[in-house]
1. So, in nm, how far is label residue 222 from label residue 237 when the simple model puts each one 7 Å beyond its Cα toward the Cβ?
2. Could you rank 238, 127 by how accessible they are, 1.4 Å probe, largest area first?
3. Report ³J(HN,Hα) in whole Hz for each residue of the range 228-240, in order, from the Karplus equation J = 6.51 cos²θ - 1.76 cosθ + 1.60 where θ = phi - 60°; Gly and Pro get x.
4. Mind scanning 207/237; 211/260; 50/229; 114/203 and naming the pairs with a C-alpha gap bigger than 28 Å?
5. Counting only residues 5 or more places away or on other chains, whose amide H sits under 5 Å from the amide H of residue 229 once H atoms are built in the peptide plane?
6. Taking all protein chains together and a probe of 1.4 Å, list 70, 215 from the most accessible to the least accessible.
7. Could you quote the convex hull projected area for the range 225-288, Cα atoms only and averaged over all directions, in nm²?
8. If you average the C-alpha positions of the range 96-128 and of the range 250-288 separately, how far apart do those two centres end up, in angstrom?
Amino acid sequence: MFCIFSLSIVFSQNERIEIKLQNCTYEQIPNNGKELKDEIYEFENYLIKKNILSDGAGKSYIHLFKQIEKENDVQFDYNYSFTDSIQKIIISDIYKQMDCQVELINSESYLNTKVHKLISVMDSIKISGDMMPANIASGILSVLDEKDFELEYYKIKTFVLLDATNTFSGIPQTLAKEEKANLDKALKIYINKRSEIFVDSKKVGFKKLRKLIRKFESKNKSESIIAFKTERETKYKIYVDVNNAIVEEIQHLREKVSQKKYKMEFKKLTPEQSSEIKKIYPQKIVEQ
């Protein structure tokens with residue numbers, strides 16, 4: 001998920017590993033990834049209209065992360081999930097995509113790339129236990145520059161990060177005191193120091209994790225609470241992937257209600273309409 005970043009030195013822009021990694025995805029989507037490329041363009045323009053980005057240039061992305069670093073906050077006024085939108089784009093053979101990416105990551109040059117460097121930086125932040133927005137933004141800015149954000153690979157990672165940390169997308173919330181007593185009824189997700197995932201004390205994979213989240217949220221709706229616990233040694237990527245899985249499954253359920261009740265996508269609802277659906281499927285997530 002948050003793998004962002006470049007072959008550092010002598011390679012030309014077209015030879016960078018980020019472009020090759022992104023092409024692994026495009027090659028498994030009809031028309032060489034046209035639908036995904038269109039969604040990247042649409043979401044970027046949406047952020048520009050919302051004044052979150054000033055334009056599509058790399059300098060604008062750097063400014064965004066400097067703003068997050070300064071304010072230690074990622075609360076923006078939007079209700080359009082990029083992560084949820086790209087879920088609808090079918091990748092014909094996910095295993096070919098993964099094989100393609102693994103081959104690149106296992107190459108001799110990988111350790112010298114910004115991809116590897118940023119993952120190492122983010123893992124260090126996770127191990128420190130200080131996952132504040134300012135620290136994440138500082139970590140990103142310590143690795144990436146304006147030219148990096150000219151690449152679609154970096155733009156996608158930025159959009160996913162905004163989804164994962166924005167209030168709309170479900171960053172872990174602090175529950176009210178009266179709700180804390182009900183954690184015994186919560187769906188308990190735990191990631192141990194070996195980055196293995198457990199749901200209610202049973203080890204699961206990502207496919208099973210998603211099914212359990214959706215089943216729990218569908219059953220409990222407004223009363224649902226998810227308790228999420230990790231260890232200091234938990235890999236940052238696994239932490240982000242699990243958080244995104246929670247967010248995406250809740251968003252999937254919101255989308256179904258939106259289509260059924262209003263015959264339109266959730267992102268196109270009025271603030272009043274989206275607020276009504278959020279009451280049905282709130283994102284009550286607490287980190288322990």
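The values are calculated or read from the model by the stated rules, or taken from the named source; none is laboratory data. Predicted model only: the values in this text are computed from it and were never measured. Ideal geometry is used to build each Cβ from the backbone, glycine not excepted, and the neighbour counts take in all protein chains shown. The protein model used for the area step is the full one, side chains on, heavy atoms only, and it has no ligands, DNA or RNA in it. Shrake-Rupley method; radii C 1.70, N 1.55, O 1.52, S 1.80 Å.
1. Here the modelled spin labels are 4.1 nm apart.
2. Reading off the accessible areas and sorting them downward yields 127, 238.
3. For the range 228-240, the Karplus-derived couplings read 10, 10, 10, 9, 4, 7, 4, 5, 4, 4, 5, 4, 5 Hz, x marking Gly and Pro.
4. Exceeds cut-off: 50/229; 114/203.
5. Result for residue 229 returns 189, 190, 191, 288.
6. Values: 70 180, 215 150 Å².
Listed by decreasing accessible area, they come as 70, 215.
7. Values: hull surface 19.1 nm².
If I average the Cα hull's projected area over directions, I get 4.8 nm².
8. Value for the Cα centre distance between the two parts: 34 Å.
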